[in-house]
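The values are calculated or read from the model by the stated rules, or taken from the named source; none is laboratory data. The model shown is predicted, which means the values in this text are computed figures rather than measured ones. When we count neighbours, we look across all protein chains shown, and the Cβ atoms used for this are built from the backbone with ideal geometry, even at glycine. All accessible areas refer to the heavy atoms of the entire protein, side chains included, with ligands and DNA or RNA removed. Shrake-Rupley method; radii C 1.70, N 1.55, O 1.52, S 1.80 Å.
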Amino acid sequence: MTHSGAVTPREIYRRMRESVLAEDATLLPAELLAEDLVVETPFSPPGMRRYEGREAWLRFFAERALPVRFHEIRDIAVHDTADPGVIVVEYELSGTVTTTGVTASATFVGVLGVRDGLIRLWREYQDVRAIAEALAA
């Protein structure tokens with residue numbers, strides 16, 4: 001994936017981190033998404049693993065209201081790759097389930113691909129067990 005422009009993947013990741021902690025939390029802010037965005041979550045249930053296109057992702061995200069208020073995102077590591085438009089991030093996300101008051105955290109690994117200052121690829125590997133346990137409590 002080629003990268004051009006002044007906005008680096010690390011800058012985009014910084015903006016993603018800010019967005020997930022905002023009142024209207026989202027990890028992938030709409031204004032940062034390329035039209036040809038691809039979002040992949042390989043450990044999600046079948047039918048929820050790949051979204052192609054900005055509008056398809058935004059529609060899915062709007063329909064799946066997660067009852068969680070995130071209060072901390074802790075970087076574990078940010079790795080550069082041979083492609084200057086791609087980084088790999090490891091992070092822990094903590095929050096409170098708004099319907100039960102349960103506070104929990106889960107770890108994630110994400111592959112972020114940026115082109116022309118926009119997110120072209122987000123592939124996220126999630127601790128699905130920790131997420132399911134927090135939501136089921």
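Please tell me if T2 is touching a Lys or Arg at 6+ places or on another chain (Cβ under 7 Å), hydroxyl-bearing (S, T, Y) and at pLDDT below 95.
For T2, the condition - touching a Lys or Arg at 6+ places or on another chain (Cβ under 7 Å), hydroxyl-bearing (S, T, Y) and at pLDDT below 95 - is met.
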Identify all residues within the range 72-91 that are out of contact with any strand residue (DSSP E or B) (no Cβ under 7 Å at 6 or more places or on another chain) and either closer than 16 Å to L118 by Cα or open to solvent by less than 60 Å² (accessible area, probe 1.4 Å) (or both); write none if there are none. D83, P84
Restricting the first residue to the range 32-56 and requiring it to be under 17 Å from V109 (Cα atoms), which pairs with a second residue that is polar (S, T, N, Q) and open to solvent by 20 Å² or more (accessible area, probe 1.4 Å) meet a Cβ separation below 6 Å and a spacing of at least six or different chains? F43/Q126
So for the range 92-103 (the condition being within 12 Å of the chain's Cα centre (by Cα), modelled with pLDDT under 95 and open to solvent by 50 Å² or more (accessible area, probe 1.4 Å)), does at least one residue qualify? no
How many of the residues making up the range 34-71 are surrounded by 12 or more Cβ atoms within 10 Å (Cβ to Cβ) and in a strand (DSSP E or B)? 13
What are the residues in the range 113-130 that are at pLDDT 95 or above, open to solvent by 60 Å² or more (accessible area, probe 1.4 Å) and within 21 Å of E92 (Cα to Cα), if any? R123, Y125
Has the range 35-47 got any residue that is farther than 21 Å from Q126 by Cα and modelled with pLDDT of 95 or more? yes
Counted residues in the range 3-32 being assigned to a helix (DSSP H, G or I) and open to solvent by 60 Å² or more (accessible area, probe 1.4 Å) come to 7
Counting only residues that are without any contact (Cβ under 8 Å) to a residue 60 or more places away in the chain and assigned to a loop (DSSP other than H, G, I, E, B), how many does the range 74-111 have? 7
